Amino acid sequence: MKLVFAGTPEVAVPALDALIASDRHEVAAVVTRPDAPSGRGRRLVASPVAQRAEEEGIEILRPARPRDEAFLTRLREIAPDCCPVVAYGALLPRVALDIPANGWVNLHFSLLPAWRGAAPVQHAVIAGDETTGAATFLIEEGLDSGPVYGVITEDVRPTDTSGDLLTRLAFAGAGLLAATMDGIEDGTLKAVQQPTEGISLAPKLTVEDARVDWAAPALRVDRVVRGCTPAPGAWTVFRGERLKLIQLTPTPDRTDLAPGEPAVGKNSVHVGTGSYAVELLWVQPQGKKPMRAADWARGVRIAAGERLGAAEGAADVR
């Protein structure tokens, strides 16, 4: 088939590579978000998908909006048989959905109908799911509600961050998307409507969603930190400044600390939660680089009665 691939971030590149490598299909063009400011100089930088397409000499379409007439006209000229999609980042209007003969087929990183939305992997980790996966489905105007072509499953490991899990799903899902294109081309694959039960939503996480509640159980704290790593980044407050929490581990044998209460050892920092403590491993103070939590604690010299997550100057009321 003649394909127009739609995607933007690094996580979409493995799928693009899989389709480029296929001897059954031609990637005639890619659709991606416009170049965006990046770095301290705020220089415009092409998306990872655009950079990869440029390396291969593939035409790049960067519409400000997918309903722009110039983009729709060019898409009609290319006349794709199908448009595979991975994390494109913009809603597709009906007029665009109707152009390819076999529609737009999305690779979504969850076992639909679970975790429909922009952040399925993050929500799966935070919810404590033991298994997740990826699905290919025909895009409709509803939110990730179209009929499903195929799925793969993936175990969520106890120490997985959302970044770890998303990387594995990106590579495994690339094969699923390529196989879906093969099945659509030879007519052996038919999409099946999603069940009406088991629907859950996965909206984009906000910075406030990533704030750690030390009164929550340790397992919840651990899941929030892992689910928000690398983005938007879990955090707490210490002495009125934000402290990013990069890595921690639950320590069930430590139950003597109140929520948010730190205990600094020679080479360790424990913090109390609503159940047992967690050990901070890596943190990032505001305006500084990531560092080992023990090094951070030695530098700030935590005083008796100070708490993580407390408002500046709050008293110890335990």
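Determine which aspartates and glutamates satisfy two conditions relative to residue 190: a Cα distance under 15 Å, and not lying fewer than 8 residues away in the same chain.
Here the aspartates and glutamates satisfying the reach criterion relative to residue 190 are 182.
What does the charge dipole of region 174-273 about its Cα centre add up to, to the nearest 20 debye, if the Cβ of each Lys and Arg holds +1 and the Cβ of each Asp and Glu holds -1? Spell out each step's value before the answer.
Working: 11 positive and 12 negative charges, 94 e Å.
The dipole magnitude comes to about 460 debye.
Using label points projected 7 Å from each Cα along Cα→Cβ, tell me how many nm separate residue 42 and residue 199, to one decimal.
Calculated label separation equals 4.1 nm.
Tell me the net charge near residue 148. Cut-off is 14 Å between Cβ atoms, residue 148 excluded, with +1 for each Lys or Arg and -1 for each Asp or Glu. Walk me through the intermediate numbers first.
On the way: positive: 116, 190; negative: 140, 144.
Charge balance in the 14 Å sphere: 0.
Starting from 0.36 nm per residue, how many nanometres of slack lie between residue 35 and residue 23 once their C-alpha separation is accounted for?
Values: separation 12, 0.36 × 12 = 4.32 nm, distance 3.01 nm.
Stretched out fully, the residue 35 to residue 23 stretch lengthens by 1.3 nm.
Separation of region 1-17 and region 39-103 by C-alpha centroid, Å?
10 Å
Would you mind working out the magnitude of the charge dipole of region 97-205 relative to its Cα centre, with +1 at each Lys and Arg C-beta and -1 at each Asp and Glu C-beta, to the nearest 20 Debye?
On the way: 5 positive and 14 negative charges, 36 e Å.
Here the size comes out at about 180 debye.
HN-Hα J couplings of region 267-283 from phi, Karplus 6.51/-1.76/1.60, θ = phi - 60°, integer Hz, Gly and Pro as x?
Going residue by residue, I get 9, 8, 9, 9, 9, x, 10, x, 10, 9, 7, 10, 9, 6, 10, 9, 9 Hz, with x marking Gly and Pro.
Enumerate the whole-percent occupancy of each 10 Å bin, from 0 to the last occupied one, for all C-alpha pair distances of region 1-59.
Percent of pairs per bin, in order: 24, 51, 19, 6, 0.
If one computes P(r) from the Cα atoms of the chain, what percent of pairs lie at distances over 37 Å?
Details: 14402 of 50403 pairs.
Of all Cα-Cα pairs in the chain, 29 percent lie more than 37 Å apart.
Farthest toward the dipole's positive end in the chain, which of 206, 139, 272, given Cβ charges of +1 (Lys, Arg) and -1 (Asp, Glu) about the Cα centre?
272
Taking 22 Å as R0, compute the FRET efficiency from the Cβ-Cβ separation of residue 281 and residue 258 and round it to 0.05. If you can, show how the numbers build up before the last one.
Working: r = 21 Å, r/R0 = 0.95.
Taking R0 as 22 Å, the efficiency between residue 281 and residue 258 is 0.60.
Among 82, 28, 44, flag the residue with its Cα farthest along the positive direction of the charge dipole of region 1-150, charges on Cβ as +1 for Lys/Arg and -1 for Asp/Glu.
Sorting the options by dipole projection puts first 44.
What does the charge count near residue 203 come to, summing +1 for each Lys or Arg and -1 for each Asp or Glu among other residues with Cβ under 15 Å from its Cβ?
On the way: positive: 116, 204; negative: 144, 208, 209.
After counting each charged neighbour, the total is -1.
Might you report the magnitude of the Cβ-based charge dipole of the chain about its Cα centre, with Lys and Arg at +1 and Asp and Glu at -1, to the nearest 20 debye? List each step's numbers first, then the result.
Details: 34 positive and 40 negative charges, 281 e Å.
Roughly 1340 debye, rounded to the nearest 20.
Would you look at the GNM of the chain, springs on alpha carbons closer than 10 Å, and say which of 101, 293, 135 moves the most?
Evaluated over the chain, the most mobile residue of the options is 101.
Go ahead and run the numbers for FRET between residue 242 and residue 51, Cβ-Cβ distance against an R0 of 30 Å, rounding to 0.05. Could you put the intermediate results ahead of the total?
On the way: r = 32 Å, r/R0 = 1.06.
So the FRET efficiency works out to roughly 0.40.
May I ask for the equivalent-ellipsoid semi-axes of region 174-232, computed as the square root of five times each C-alpha gyration tensor eigenvalue and listed largest first in whole Å?
38, 15, 10
Within 10 Å, count the other beta carbons around each residue, average over each peptide in 39-50, 148-159, 13-24, and list them highest first. Walk me through the numbers on the way to the answer.
Values: 39-50: 14.2, 148-159: 15.8, 13-24: 18.0.
Per-residue Cβ counts within 10 Å, averaged per peptide and sorted highest first, yield 13-24, 148-159, 39-50.
Summarise the accessible area of region 99-191 (1.4 Å probe, protein heavy atoms) by the percent that is carbon and sulfur. Walk me through the numbers on the way to the answer.
Working: 1870 of 3570 Å².
Percent of accessible area from carbon and sulfur atoms in region 99-191: 52.
Give the percent of DSSP beta bridges with both residues in the chain that are antiparallel, rounded to the nearest 5.
On the way: 35 of 52 bridges.
Beta bridges within the chain, antiparallel portion: roughly 65 percent.
Say each of residue 206 and residue 303 gets a label point 7 Å from the Cα, pointing the same way as Cα to Cβ; how far apart are those two points in nm?
With each label placed 7 Å out from Cα toward Cβ, I get 3.4 nm.
Summing -39500 (n - 2.57) over the DSSP H runs of n ≥ 4 in the chain and dividing by its residue number, what mean residue ellipticity at 222 nm do you reach, to the nearest 500 deg cm²/dmol?
Working: 8 runs with 83 residues, N = 318.
Counting only the DSSP helices, I get -8000 deg cm²/dmol.
May I ask for the Rg/Rh ratio of region 59-218, computed from Cα atoms with Rh as the Kirkwood radius, given to two decimals? Provide the component values of the computation, followed by the final result.
On the way: Rg = 17.1 Å, Rh = 17.0 Å.
Rg/Rh for region 59-218 comes to 1.01.
For region 262-306 and region 105-173, write down the distance between their C-alpha centroids in whole Å.
Spelled out, the Cα-based centre of one part sits 33 Å from the other.
The values are calculated or read from the model by the stated rules, or taken from the named source; none is laboratory data. This is a predicted model, so every value here is computed, not measured. Heads up, the Cβs are rebuilt from the backbone with ideal geometry, glycines too, and the neighbour counts pull from every protein chain shown. Surface accessibility is based on the protein's heavy atoms, side chains included, excluding ligands, DNA and RNA. Shrake-Rupley method; radii C 1.70, N 1.55, O 1.52, S 1.80 Å.
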